[in-house]
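Here the structure is laid out as structure tokens; the discussion comes afterwards.
The values are calculated or read from the model by the stated rules, or taken from the named source; none is laboratory data. Computed from a prediction, not measured in an experiment: that's the story for all the values here. Using ideal geometry, Cβ is built from the backbone for each residue, glycine included, and neighbour counts are taken over all protein chains shown. In case anyone asks, the SASA skips ligands and DNA or RNA and just uses the protein heavy atoms, side chains included. Shrake-Rupley method; radii C 1.70, N 1.55, O 1.52, S 1.80 Å.
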Amino acid sequence: MRRIRLTGQLAEPISHYTDAVEAEGFLYISGMLPVDAAGELAGGGDVIRQSEQVLDNIAAVLRSAGASFDDVVRVGVYVRDMADRERINTVRRRYFGGSRPASTLVEVSALAHPGALVEIEAVALLPRQDGHPA
């Protein structure tokens, strides 16, 4: 098992967790908020910009483990307003392309960062060292 912490690329976790854990061929990515490396909220009240920041953060973790959005097998999406679903999905399509992971979408009353409208967690199946799926 390997714990991944992208110091300098992602904001310091706000609680007792790490950015991701690699275990048994899988990469478990913690819920990512729409914050930049300094911990500042990106996008203000714009759910599209916030979704881009969240997925940029996930992309950084995937890259650090030698993976991509094609390797993501599951996402959990937490939104403050279910009415934002289609706007978030538009951004997801850009990042995931033809890849379609299993997904859960849940509306919540609050997220860990005030002003955050979306948070996404992910699980990826890591490629084997020979380049084939695990």
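Annotations for the structure displayed:
- Looking at the chain, the accessible area is 53 square angstrom per residue; that uses a 1.4 Å probe and ignores ligands, DNA and RNA.
- Reduced Cα scattering model of the chain, Debye log10 I(q)/I(0), q = 0.09, 0.14 Å⁻¹: -0.24, -0.58
- Scaled to the globular estimate 2.2 N^0.38 Å, the Cα spread of the stretch 11-68, given as radius of gyration, is 1.17.
- Over all other residues within a Cβ to Cβ distance under 12 Å of D56, the charged ones net out to +1, with Lys and Arg as +1 and Asp and Glu as -1.
- Ellipsoid equivalent to the stretch 44-118 - semi-axes via the Cα gyration tensor, in Å: 21, 13, 11
- Other residues within the sphere of radius under 13 Å centred on the Cβ of S99, judged by their own Cβ, net out at +3 (K and R +1, D and E -1).
- Each peptide in 31-37, 96-102 receives the mean, over its residues, of other Cβ atoms within 10 Å, and ordering these scores from highest gives 31-37, 96-102.
- Sulfur and carbon atoms: percent of accessible area, the stretch 21-112 [1.4 Å]: 48 percent
- Using C-alpha pairs under 8 Å with a sequence gap of at least 6, the mean separation divided by the residue count of the chain gives a relative contact order of 30 percent.
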